[in-house]
1. List, please: which pairs have Cβ atoms under 8 Å, are six or more places apart or on different chains, and start with a residue in region A:51-77 that is farther than 13 Å from A:LEU32 by Cα and end with one that is among the small types (Gly, Ala, Ser) and surrounded by fewer than 20 Cβ atoms within 10 Å (Cβ to Cβ)?
2. Can you tell which of A:ARG42, A:ARG38 is under 16 Å from B:GLU76 (Cβ atoms), among the charged types (D, E, K, R) and either within 9 Å of another protein chain (Cβ to nearest Cβ) or in a helix (DSSP H, G or I) (or both)?
3. From the residues in region A:49-82 that are farther than 29 Å from A:GLU120 by Cα and either in contact with a His (Cβ under 9 Å, 6 or more places away or on another chain) or charged (D, E, K, R) (or both), which one is surrounded by the most Cβ atoms within 10 Å (Cβ to Cβ)?
4. How many residues are in contact with a helix residue (DSSP H, G or I) (Cβ under 9 Å, 6 or more places away or on another chain) and farther than 30 Å from A:VAL106 by Cβ if we restrict to region B:24-51?
5. Only one of these is more than 30 Å from B:ALA111 (Cβ to Cβ), in contact (Cβ under 8 Å) with a residue 40 or more places away in the chain and in contact with a Pro (Cβ under 6 Å, 6 or more places away or on another chain): A:VAL174, A:VAL114, A:VAL106, A:VAL148. Name it.
6. Quick one: A:ALA90 ticks every box in (1) under 24 Å from B:THR83 (Cβ atoms); (2) touching a strand residue (DSSP E or B) at 6+ places or on another chain (Cβ under 7 Å); (3) not in a loop (DSSP other than H, G, I, E, B) except a single one, so which number is it?
7. Tell me, please, whether a residue that is at pLDDT 95 or above and of a type in the set (Ser, Thr, Tyr) can be found in region B:40-49.
Number of protein chains: 2
Amino acid sequence: MTQATQESRIRNGINVDTLYGTLDAIKAQPDLAKFQFRATNRWIDGAHNRSTIQGFYAAGGDDTTRVEAFELDAGEPAILLGTDTGPNPAEYLLHALAACLTTSIVYVAAARKVQLTSVESTLTGDMDVRGALGVDDEPRNGFERIGVSFRVTGNAPEEKLREVVERAQKRSAVYDMVTNGVPVTVHVETD
Amino acid sequence: MTQATQESRIRNGINVDTLYGTLDAIKAQPDLAKFQFRATNRWIDGAHNRSTIQGFYAAGGDDTTRVEAFELDAGEPAILLGTDTGPNPAEYLLHALAACLTTSIVYVAAARKVQLTSVESTLTGDMDVRGALGVDDEPRNGFERIGVSFRVTGNAPEEKLREVVERAQKRSAVYDMVTNGVPVTVHVETD
């Protein structure tokens, strides 16, 4: 394999050979596709709490490649009774959505031979906090709507770039969850 | 006001007087409850992208109390073609849910005169990645289900602690969004 060919296999920072190898392996053995992601969270004080994220289950076993855990601090601004120890949970949800759509765009573009030069987005979530604060039952607790505005550039005509974004939207895990909802089971222990 | 009385107004790190003042202000002037949270995101390379979170709209104007922006890095582990530059987007969603339920528990407990000693949770999200990778149309892209396991302790009987968690679940913004979904509009520019 020449150097030029090797280089052509990395697109948008994604190893396209590995990408296709992963897809082939999962097609041949669908059980490899069963993943479980995890987070543990601990209250610190007031609106300040911290999640620790490290291990996950993937491709038939527990993944141990992460040497260190990721730690994420949440908080609330003063107007919502916190001390700004981190983004608030609803802002984290906007970040999760932005990150997932962006990664999906990058992967889809890599598979479709589109070299991207930039992917930028702005997200807004409109909320009537009377719901979450329990002042009024009528407004819902969460965002009434989320707006996502992307600017995507790369070595492809506008139509192809738009197709990449559309396909990414159809395949994004967090977009699916945020638009369609997920069944959540809550278990409580008190000692 | 005596020192003892002042101290009794801070519960679980939440100023209960401010909490009730906020609720009264919003009841009197419901427009103050209109908030908009925001995030901007920028692709860096491969599965690595970064969100910046700072300003938001609240109580009739743009909030400017955050002197510095929060920056959040997302990534994917090697098995999902990344280099582990941060938690992945689905893990961020678990964190958003954990953080919101925990904060809701802390605020509800403060309002109900329950002094908490600990709030810990473990969240799991089960995903068949054939959906998000586009290998098979049958599995959904996101988590099939999310499990949340709380351990909550404080100066109240078990029944009261369970009531606090139930009420918090009914008022959590992210729990509402993750279980019921939110309308999302995506706009794309390509130059």
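The values are calculated or read from the model by the stated rules, or taken from the named source; none is laboratory data. Computed from a predicted structure; not experimentally measured. Backbone-built Cβ (ideal geometry, glycine too); neighbour counts: all protein chains shown.
1. As it stands, the answer is A:THR52/A:ALA69; A:ILE53/A:ALA69; A:GLN54/A:ALA69; A:THR64/A:GLY55; A:THR65/B:ALA78; A:ARG66/A:GLY55, since those pairs meet every condition given.
2. Only one candidate qualifies: A:ARG38.
3. Out of the qualifying residues, it is A:GLY82.
4. 5
5. It is A:VAL174.
6. Of everything listed in (1) under 24 Å from B:THR83 (Cβ atoms); (2) touching a strand residue (DSSP E or B) at 6+ places or on another chain (Cβ under 7 Å); (3) not in a loop (DSSP other than H, G, I, E, B), A:ALA90 misses just condition (1).
7. Yes, region B:40-49 contains a residue that is at pLDDT 95 or above and of a type in the set (Ser, Thr, Tyr).
A quick yes/no check of all residues on (1) closer than 30 Å to A:VAL135 by Cβ; (2) more than 7 Å from chain A (Cβ to nearest Cβ); (3) in a strand (DSSP E or B):
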position	(1), (2), (3)
B:GLU68	no, yes, no
B:ALA98	yes, no, no
B:THR117	yes, yes, yes
B:MET127	no, no, yes
B:VAL152	yes, no, yes
